[in-house]
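Bear in mind these aren't lab numbers, they're just calculated from the coordinates by the rules spelled out. On a predicted model such as this, the values are computed, not experimentally measured, just so you know. Here Cβ is always computed from backbone atoms with ideal geometry, including for glycine, and neighbour counts include all displayed protein chains.
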Amino acid sequence: MDANLRLVIGNKNYSSWSLRPWLLLKHFAIEFVEQSVNLASADAQLQMQTLSPSGQVPVLWVDDMPVWDSLAICEWLNECCLDGKAWPERARLKALGRSMSAEIHAGFQLTRRLLPMNCRARITLPDMPTALANEIIRIEQLWQEALDISGGPWLLGSFSIADCMYAPIVLRLQTYELEVDEHLVPYCQQLRQHDAIRSWLADAYQEVDVIESVEQLYSER
């Protein structure tokens, strides 16, 4: 596609939503300009209102046309830049991938609230609420179902939007030192070793800005 792409993202240490389309762009070597908003700054909200129709990140600018929301950006890239390669051709896998991506996009509220993305941190949870444990179990079930049907090595066989949507979960599991079923360990390790994920984490580790609400969540327990 003959267009200039600019992806506006938040801090790499914290912004799980930003990681998703960024990873898709990087995996498929789509050229784009990266623009960051420091979510810890006092004027972050003002910046985002200026840069994004929704007032949130990420947003992809295609020349002067905005595409916002992580899943919408991934779908747009799939249709307009990748000729559909970000979803498998097999109908059952495509349906599963879209369903599980929508589920992580709209659900798992406790995981978001109690396990916010914080790449630099290593935290041992003081306790695991049953409802949160059930969300993690559900994620494991989705991963296992996808891998069983596709045969791996990625969730839907080849790398897809589904892997991008669940990448922040893999990083959260590392942050909060949560173990997964032994059959899912190779998948998590593979994603953490992805060149783009390694690059994202390297940048995240170098960031110095702090979002206090995230850092203080477990600091006083």
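Listing for the model above:
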| quantity | calculated |
| --- | --- |
| Segment Asp2-Gln189, extension gain: residue separation times 0.36 nm, minus the distance between their alpha carbons | 63.8 nm |
| Burial ranking of peptide ranges 113-126, 156-169, 72-85 (average Cβ count within 10 Å, highest at the top) | 156-169, 72-85, 113-126 |
| Antiparallel bridges, percent of DSSP beta bridges restricted to the chain (to nearest 5) | 70 |
| Euclidean distance between Cα centres, the range 168-215 to the range 107-138, Å | 13 |
| Ratio Rg/Rh, restricted to the range 93-221 and using Cα atoms, in which Rh is the Kirkwood radius | 0.96 |
| For volume of the Cα convex hull per residue in Å³, calculated from these coordinates, the label among [x] 153; [y] 137; [z] 115 | [z] |
| Rounded to whole Hz, the Karplus (6.51, -1.76, 1.60) HN-Hα couplings of the range 121-134, x for glycine and proline | 7, 10, 10, 9, 5, x, 7, 10, x, 4, 5, 5, 4, 5 |
| Selection from Ser213, Gly157, Thr50 lying farthest towards where the dipole of the chain points positive, charges on Cβ | Gly157 |
| Dipole magnitude of the range 125-209, debye to nearest 20 (Cβ charges: Lys/Arg +1, Asp/Glu -1, about Cα centre) | 180 |
| Stokes-Einstein D in µm²/s, Kirkwood radius over Cα pairs - the range 1-103 at 10 °C with 1.306 mPa s viscosity | 111 |
| Within the chain, helix-based [θ] at 222 nm, where runs of 4 or more DSSP H residues each add -39,500 (n - 2.57), nearest 500 | -15500 deg cm²/dmol |
| Long-range HN-HN contacts of Gly157 with modeled amide H, under 5 Å | Gly152 |
| Selection from Leu171, Leu25, Trp200 lying farthest towards where the dipole of the chain points positive, charges on Cβ | Leu171 |
| Integer Hz, Karplus 6.51/-1.76/1.60 couplings in order for the range 198-208, x for Gly and Pro | 4, 5, 4, 5, 4, 5, 4, 5, 8, 5, 10 |
